[in-house]
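What follows draws every value from the coordinates through simple rules; no lab data is involved. Just so it is clear, the structure is predicted and the values come from calculations on it, not from any experiment. Every residue, glycine as well, gets a Cβ built from its backbone with ideal geometry; the counts of neighbours run over all protein chains shown.
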Amino acid sequence: MEKNINIVIDKAKELGCEVLINEPLSRYTTFRVGGAAAALIKTETTESLSILFALCNKLDVRNFVIGNGSNLLVNDNGYDGIVFKLEGEFTNIYIDDENIIRCGAGATLAKLCKFAAEHNLSGLEFAWGIPGTVGGAAFMNAGAYGGEMKDVVASSSYIDKDGNPGTIDAGELDFSYRHSVYSDNGFIITGVTFKLTHDNAVEINHRMDDFLSRRKEKQPLNYPSAGSVFKRPGKEIYVGKLVQDCGLKGKQIGGAQVSEKHAGFIINKSNATCADVCSLIEYVQNVVLEEKGVKLECEIRRI
């Protein structure tokens, strides 16, 4: 496997990509935990990504794309494969029509939301403050405050396992709660097209400020975390209340802690390891199942 990984690395260098060997992934995740990847490759063009992704799949080299790392939990032992970081053209954002925005998968949601507001386009206010990239948000149908990506995504572009580009329209994206067609097909999202509505920039910014202030008030943003740990088990069932009612606020294993500010979050309180976080997740799941009869499913993607 090491030989095949080196073949991909050599090809990436040939294509002019920046390659970081044995790169600690804790630098790229909001949890600030995780071991090193065999290599992290920064790709700036669809062409180079297509070639390298197809080569990985041909050689059976494990690989994944990392965005802002805001929903990832990486093993302490690291990742024996290639991690792609989308830069260059993948961070571009532009207006395609009067209410259509085309955006690279590597752009941050913060950059996209600002761009939309500056062009008097509404619909993305709910995403203001979500610390992810556009590709990651589309991948998991990110949402908050009554809005979801499925409400505003018109289509997305991708690269399949053979390196072929394509496009999927909104109706075929299979959006549901924290799920999309990309959750199952193994393709790489390269860009997303949004259909928005015109509104006054002042009103748009007011809503964005309101959502952000709510986040700051309720969420433990002063500690590393991966956001909400568990999926909501039902429409009127809230994870934070379940965990709090089980007396688990402040519960700590190693350096990982159930946030005392919001029990739906697990934070890196003090040099936590991935093992600490996983142990605490399992502990919370077991207690909530035993006391409340509710099975909590992880929202965080484990690598």
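Rg/Rh for the stretch 29-153: what does it come to with C-alpha atoms and Rh from Kirkwood?
With Rg and the Kirkwood Rh in hand, the quotient comes to 1.01.
When the Cα centres of the stretch 64-84 and the stretch 157-202 are compared, how far apart do they sit, in Å?
Using only Cα atoms, the two centres lie 21 Å from each other.
What is the total of Lys pairs in the stretch 221-302 with C-alpha atoms under 19 Å apart, excluding same-chain pairs fewer than 8 positions apart?
Summing the qualifying lysine pairs gives 21.
Separation between the R301 and V181 pseudo-spin-labels, each 7 Å from Cα along Cα→Cβ, expressed in nm?
Label-label distance for R301 and V181, simple model: 1.7 nm.
Of all the Cα-Cα pairs you can form in the chain, what percent are over 35 Å apart?
21
Order these peptides, 151-162, 243-254, by their mean beta-carbon neighbour count within 10 angstrom, highest first.
Top of the packing list down: 151-162, 243-254.
On full extension of the chain, what length is gained from E290 through D80, given 0.36 nm per residue of separation minus the C-alpha to C-alpha distance? Before the final figure, lay out the partial values.
Numbers: separation 210, 0.36 × 210 = 75.60 nm, distance 3.63 nm.
The E290-D80 span can extend by a further 72.0 nm.
If I stretch the segment between E47 and N200 completely, what's the gain in nm (0.36 nm per residue apart, minus their alpha carbon distance), one decimal?
Numbers: separation 153, 0.36 × 153 = 55.08 nm, distance 3.84 nm.
My answer for the length gained is 51.2 nm.
What is the distance, in nm, between label points placed 7 Å from the Cα along the Cα-to-Cβ direction at E118 and at A54?
Simple spin-label model gives 3.6 nm for this pair.
Once you've got the Cα coordinates, tell me which of K58/K195; K3/K161; K11/K150 are over 25 Å apart.
K58/K195; K11/K150
Quickly estimate the mean residue ellipticity at 222 nm for the chain, helices only: each DSSP H run with n ≥ 4 gives -39500 (n - 2.57), and the total goes over all residues, rounded to 500. Mind showing how you got there, number by number?
Numbers: 8 runs with 90 residues, N = 303.
Calculated from helices alone, the mean residue ellipticity at 222 nm is -9000 deg cm²/dmol.
Sort 285-291, 204-210, 110-116 by packing, meaning the average of other beta carbons within 10 Å per residue, with the highest value first. Walk me through the numbers before you get to the answer.
On the way: 285-291: 14.7, 204-210: 16.4, 110-116: 19.9.
Per-residue mean Cβ counts within 10 Å order the peptides as 110-116, 204-210, 285-291.
Mind giving me the FRET efficiency for K241 and E282? R0 is 25 Å, r the Cβ-Cβ distance, nearest 0.05 is fine.
0.80
For the stretch 89-203, taking Cα atoms only, what is the radius of gyration to one decimal and the Dmax to the nearest whole Å?
Final numbers for Rg and Dmax: 13.2, 45 Å.
Considering the convex hull of the alpha carbon atoms of the stretch 105-148, report its projected area averaged over all viewing directions, in nm², one decimal.
Averaged projected area of the stretch 105-148's Cα convex hull equals 2.7 nm².
Expressed as a whole number of Å, what is the distance separating the alpha-carbon centroids of the stretch 91-133 and the stretch 237-289?
33
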